[in-house]
Amino acid sequence: MTPPPAEDARAATESYISSSDAHSAHNYHPLPVVVATADGAWMTDVEGRRYLDMLAGYSALNFGHGNRRLIEAAKAQLERVTLTSRAFHHDRFAEFCTELAELCGMEMVLPMNTGAEAVETAVKTARKWGYRVKGVPDGRARIVVASDNFHGRTTTIVSFSTDPEARADFGPYTPGFDIVPYGDLAALRDAVTEDTVAVLLEPIQGEAGVLVPPPGYLTGVRELTRERNVLFMADEIQSGLGRTGRTFACEHEGVVPDVYVLGKALGGGVVPVSAVVSSEEVLGVFRPGEHGSTFGGNPLACAVALEVIAMLRTGEFQKRAAELGDHLHAVLGLLAGAGKVAQVRGRGLWAGVDIDPSHGTGREISEKLMDRGVLVKDTHGSTIRIAPPLVISKEDLDWGLDQLRAVLGA
């Protein structure tokens with residue numbers, strides 16, 4: 001395809017953005033690029049410019065843009081049936097639930113669509129389990145969460161957020177949550193009472209800047225929750241399904257939670273798919289009519305997610321994330337050692353890079369990288385997140401890191 005003349009192309013970009021600004025709510029502040037097509041780790045805008053995707057849809061695109069296995073699975077299912085609602089059975093549902101439960105080493109699956117829906121489902125599950133199984137008096141169930149968490153944006157979820165932007169002006173807030181510092185096992189122990197039904201944590205906090213907890217923290221959480229008869233619910237929506245070099249980030253400490261909360265990459269960047277995965281004791285508390293979703297577990301979602309599960313079973317993507325992740329962190333570590341960045345955190349193909357203020361804000365660095373053909377996203381002012389698709393080649397990864405070095409003057 002011959003790209004349009006530069007003047008016309010710029011005008012097209014400006015027109016798209018202007019129309020978007022005029023007719024959509026301003027709940028996002030995207031970079032000024034208008035993507036038209038994508039393949040693998042690369043995206044092309046309406047001007048014909050190519051960009052290396054180093055964000056991967058916040059880990060929803062772990063397997064890359066337009067992954068042929070996922071696209072073919074979706075196309076085949078599109079020709080058959082896409083939606084039945086849960087009023088009827090369909091022929092992909094049982095297989096999906098069975099395969100996902102086995103991948104997680106669990107027994108039962110409650111499928112939803114978005115990550116926030118899965119977190120809401122986990123909250124409801126924990127409360128119902130607390131009343132029906134643990135015996136907490138009605139209306140007194142409490143869930144312990146961590147500060148700087150990001151579990152979604154529903155009214156209940158922002159009720160236990162510590163981010164003023166996510167929380168302000170959305171009250172009154174849902175009660176029943178106790179917030180403790182992330183990584184502080186002593187504070188967590190002090191917060192757990194007889195009315196506590198669950199501890200809900202991200203094994204690695206994504207939106208907070210890819211914060212990895214201290215060694216032994218997840219192990220301590222697992223021991224404490226087991227000791228106090230409290231559910232350990234791991235939100236692996238961003239950290240799970242290969243991103244950190246393991247299927248689940250909890251595996252880095254040999255920990256198996258009571259509940260996995262999954263989303264993003266489960267739908268392969270093709271359709272929204274999320275799920276709560278746990279034991280029969282936990283998910284068995286639900287009875288017909290008590291919770292549901294019209295689209296949750298639909299045939300199209302199940303078909304795509306089944307292909308995702310099959311791909312993860314090979315171990316190929318976890319291995320790539322581990323090996324390329326070691327390389328990523330080695331390169332970023334040199335930048336930190338040279339004083340070009342303030343700090344680097346992360347695991348696998350996932351990094352939070354704190355930019356020294358002398359080089360600009362996270363947003364400014366993101367814009368400079370965009371000008372050089374690399375797309376990342378800032379968070380909390382001074383941090384950029386790097387999370388390319390797991391299919392990225394080492395050569396492309398190095399090229400992207402070269403652009404970061406150039407922007408920082410390294």
Looking at Ala410, Ala406, which is the one that is modelled with pLDDT under 95, farther than 20 Å from Gly269 by Cα and either more than 22 Å from the chain's Cα centre (by Cα) or part of a loop (DSSP other than H, G, I, E, B) (or both)?
-> Ala410
Filter the stretch 355-372 down to residues that are open to solvent by 60 Å² or more (accessible area, probe 1.4 Å) and assigned to a helix (DSSP H, G or I), then give me how many there are.
-> 6
So which pairs qualify, if the first residue must be in the stretch 161-188 and polar (S, T, N, Q), the second must be open to solvent by less than 60 Å² (accessible area, probe 1.4 Å) and outside any loop (DSSP other than H, G, I, E, B), the Cβ gap must be under 8 Å, and the two must be at least 6 apart or on different chains?
-> Thr174/Thr156; Thr174/Ser159
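Can you list the helices (runs of 4 or more DSSP H) lying wholly within the stretch 245-354 that have 1 or more residues being at pLDDT below 95?
Numbers: elements: 280-283, 299-313, 316-337.
In the stretch 245-354, the matching helices (runs of 4 or more DSSP H) lie at 316-337.
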Filter the stretch 364-388 down to the residues that are in contact (Cβ under 8 Å) with a residue 60 or more places away in the chain and basic (Lys, Arg), then identify the one that is nearest to Lys340 (Cα to Cα).
-> Arg385
Give me the pairs: first residue in the stretch 283-295 and under 11 Å from Pro111 (Cβ atoms), second residue in a loop (DSSP other than H, G, I, E, B) and of a type in the set (D, E, K, R), beta-carbon distance under 7 Å, and six or more apart or on different chains, which are they?
-> Gly292/Arg86
Among (1) within 26 Å of Gln238 (Cβ to Cβ); (2) not in a strand (DSSP E or B), Arg80 falls short only on (1)
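Quick one: would you say Arg69 is under 23 Å from the mean Cα position of the chain (by Cα), among the basic types (Lys, Arg) and modelled with pLDDT of 95 or more?
Working: under 23 Å from the mean Cα position of the chain (by Cα): yes; among the basic types (Lys, Arg): yes; modelled with pLDDT of 95 or more: yes.
Yes, satisfied.
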Residue pairs within 8 Å by beta carbon, gap of at least six or interchain, first lying in the stretch 313-324 and open to solvent by 30 Å² or more (accessible area, probe 1.4 Å), second not in a loop (DSSP other than H, G, I, E, B), listed first then second, are Arg313/Leu103
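The values are calculated or read from the model by the stated rules, or taken from the named source; none is laboratory data. Remember, it's a predicted structure, so these values are computed and weren't measured experimentally. We place every Cβ from the backbone using ideal geometry, glycine too, and count neighbours over all the protein chains shown. With ligands, DNA and RNA removed, areas are computed over all heavy atoms of the protein, side chains included. Shrake-Rupley method; radii C 1.70, N 1.55, O 1.52, S 1.80 Å.
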